[in-house]
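The values are calculated or read from the model by the stated rules, or taken from the named source; none is laboratory data. If you're wondering where the values come from, they're calculated on a predicted model, not measured in any experiment. Ideal geometry is used to build each Cβ from the backbone, glycine not excepted, and the neighbour counts take in all protein chains shown. These accessible areas exclude ligands, DNA and RNA; they are computed on the full protein's heavy atoms, side chains included. Shrake-Rupley method; radii C 1.70, N 1.55, O 1.52, S 1.80 Å.
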Amino acid sequence: MTFSLNEVEVTSKKATRGAGYSWGLAEEAGKATRWLCAHELNGGGALVALLTKTDGMAIMQVTPDTHQTIWQAKGGFLCAVMTGCCISDLAEGDDPTFRFGPIIAPLLVLPFVATVSRVR
């Protein structure tokens, strides 16, 4: 079965929202999944891995502490979508230096990094 990129994005957004993420994060997850699929990468699989691992967790447990050189989360691992959004927030500022702690579905960070690199 073949799906359009629009179907991938909408379904991913609905799945993320259904998993308890806010509408804004769900929209970002949908766009990231679409970008990955457009580049022939397994965006759907990455999103499923993320949503499965974070099922039942509060988003603050997997949100990076961006005030540290190594971004960590209280829950022990970072959400790729939240991490990507944090990276996007830094796009127009100074060149920060940071590293990631353990991250769930790191492939989902790639679309955010690609967007930031275009902006810079």
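Within region 88-113, if we keep just the residues that are open to solvent by 20 Å² or more (accessible area, probe 1.4 Å) and assigned to a helix (DSSP H, G or I), the residue that is farthest from residue 44 (Cα to Cα) turns out to be 89. Note on region 68-98: residues that are at pLDDT 85 or above and either in contact with a helix residue (DSSP H, G or I) (Cβ under 8 Å, 6 or more places away or on another chain) or among the basic types (Lys, Arg) (or both) amount to 15. The set of residues from region 13-30 being buried (at least 18 other Cβ atoms within 10 Å of the Cβ) and either under 20 Å from residue 86 (Cβ atoms) or among the acidic types (Asp, Glu) (or both) comprises 13, 16, 19, 21, 25, 26, 28, 29, 30. Among the residues of region 57-87, those identified as open to solvent by 80 Å² or more (accessible area, probe 1.4 Å) and in a loop (DSSP other than H, G, I, E, B) are 67, 68, 69, 72, 74.
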